[in-house]
Amino acid sequence: MNSCSLGTYLVTMSGAISTSDDAADPGGGDPLPFRCSQNPADANTVSRARAAFGGWLQQHCPLTTTTAHDVLLAVNEALANAVEHAYAGTSGNVDLTASYDVAHDTLTATVEDYGHWRLPNATADPRFSRRGRGLVLMRALAEDTAIESTEAGTRVRLTWHLLTRHQAPAR
Amino acid sequence: MHHEFHNTIDVASCMIDEHWRDTTVIISCAGELDMNTAPDLERRIAVALQRGPTAMIVDLTRVGFLASHGMGVLVATHTLCSPGVRFAVAASGRATRRPIQLMGIADVIAIHDTVEEAVVAVAT
């Protein structure tokens, strides 16, 4: 586990950014998982976690620019939703983890918060609505979007199967 | 054994410029438009609208990342502008055109490939 102090923020990462040899090569050539944890659920964390995840993705998944953008945007929306909805008037953390299973060509990204999520209004028309576009975007961009809310918090899991084989068309 | 890396991971930044051509105001963004930077764009748009343009163009041709918060600003600006101020968006890259298309925003707001095309469109 590696901690980088970035201004007043602490970004804790493992996987491609800081790796432990003990955990190397866990599943026959799968890249080490990405982890960005123990960061406050705010807009700066969203930007920083997205940038770090984008670096990991570029290093480990051979994606076209369009598909990489799709993945980054979906993950961004999951992070942004946690920031906006998990901790009304209070503070808390948001964690992003991701792993790529080479054999199944499957990418999984998980965003976790530890607050009480208010489900955004997914019925709002995204062409006219000021907000509530995050969930619509995630569902459009990820192959599978699973949202699990408990008293302990909310976990959003985004999955892409056959990621590199079924890439989004250019533009 | 641990490998130590000290990464500089910047918060998203977006440079916002304002240009006028006669009574058309062009707000140009360069960078990433997400929940960090979208409020800046919204403020710049609000200030420009107070000066009474006949048309407003938001130029996203140099935006490399467009999140839902950026699209929210486009939709809100469309509402603010109509019916008195003609509103158009210039966007050409994958990072902007694809989410705009996915969300159906192009059904509501005129999207052009270049600022020049948008300028012509709002003048006619």
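Checking each residue in region A:76-105 for being hydroxyl-bearing (Ser, Thr, Tyr) and either closer than 17 Å to A:Leu158 by Cα or at pLDDT 95 or above (or both) picks out A:Thr97, A:Ser99, A:Tyr100. Inside region A:147-166, residues that are exposed (fewer than 15 other Cβ atoms within 10 Å of the Cβ) and either more than 18 Å from the chain's Cα centre (by Cα) or more than 19 Å from A:Gly115 (Cα to Cα) (or both) make up a count of 7.
Just one of the numbered conditions (1) without any contact (Cβ under 8 Å) to a residue 40 or more places away in the chain; (2) surrounded by fewer than 19 Cβ atoms within 10 Å (Cβ to Cβ); (3) over 14 Å from the mean Cα position of the chain (by Cα) is not true of B:Ala123: (1).
If we only count helices (runs of 4 or more DSSP H) wholly inside region B:25-105, which ones have 3 or more residues that are surrounded by fewer than 24 Cβ atoms within 10 Å (Cβ to Cβ) and more than 11 Å from chain A (Cβ to nearest Cβ)? Give the derivation first.
Details: elements: B:38-50, B:68-81, B:94-102.
Where helices (runs of 4 or more DSSP H) fall fully within region B:25-105 and carry at least 3 residues being surrounded by fewer than 24 Cβ atoms within 10 Å (Cβ to Cβ) and more than 11 Å from chain A (Cβ to nearest Cβ), they are B:38-50.
For A:Ala74, indicate whether it is out of contact with any Gly (no Cβ under 8 Å at 6 or more places or on another chain) and within 14 Å of chain B (Cβ to nearest Cβ). Yes: the conditions hold for A:Ala74.
Kindly evaluate A:Ala41 against the criterion of being within 11 Å of chain B (Cβ to nearest Cβ) and under 20 Å from B:Asn36 (Cβ atoms). Taking the combined requirement at face value, the residue does not satisfy it.
When you check B:Ile111 against the structure, is it buried (at least 16 other Cβ atoms within 10 Å of the Cβ), of a type outside the set (Ser, Thr, Tyr), more than 25 Å from A:Val83 (Cβ to Cβ) and modelled with pLDDT of 95 or more, yes or no?
Details: buried (at least 16 other Cβ atoms within 10 Å of the Cβ): yes; of a type outside the set (Ser, Thr, Tyr): yes; more than 25 Å from A:Val83 (Cβ to Cβ): yes; modelled with pLDDT of 95 or more: yes.
Judged against the criteria, B:Ile111 is a match.
Remark: pairs (first residue in region B:89-115, acidic (Asp, Glu); second residue part of a loop (DSSP other than H, G, I, E, B); Cβ separation under 6 Å; 6+ apart in sequence or on different chains) = B:Asp107/A:Arg127; B:Asp113/B:Ser92. Within the span defined as region A:125-144, one or more residues are facing another protein chain (nearest Cβ under 10 Å) and among the polar types (S, T, N, Q).
Being under 10 Å from B:Ile57 (Cα atoms) and either out of contact with any Ser or Thr (no Cβ under 6 Å at 6 or more places or on another chain) or among the charged types (D, E, K, R) (or both) is the filter here, so list the residues in region B:88-109 that pass it. Reasoning before the result, please.
Residues of region B:88-109 under 10 Å from B:Ile57 (Cα atoms): B:88-90.
The answer is B:Ala88, B:Val89.
So, A:Asn39, is that one farther than 19 Å from A:Thr108 by Cβ, under 15 Å from the mean Cα position of the chain (by Cα), crowded, with 21+ Cβ neighbours inside 10 Å and of a type outside the set (A, V, I, L, M) or not? Can you show your working first?
Values: farther than 19 Å from A:Thr108 by Cβ: yes; under 15 Å from the mean Cα position of the chain (by Cα): yes; crowded, with 21+ Cβ neighbours inside 10 Å: yes; of a type outside the set (A, V, I, L, M): yes.
Spelling it out, A:Asn39 is indeed farther than 19 Å from A:Thr108 by Cβ, under 15 Å from the mean Cα position of the chain (by Cα), crowded, with 21+ Cβ neighbours inside 10 Å and of a type outside the set (A, V, I, L, M).
The values are calculated or read from the model by the stated rules, or taken from the named source; none is laboratory data. Small disclaimer: the values here were computed from a predicted structure and weren't measured. As a convention, Cβ positions derive from the backbone with ideal geometry for all residues, glycine included, and neighbour counts pool all protein chains shown.
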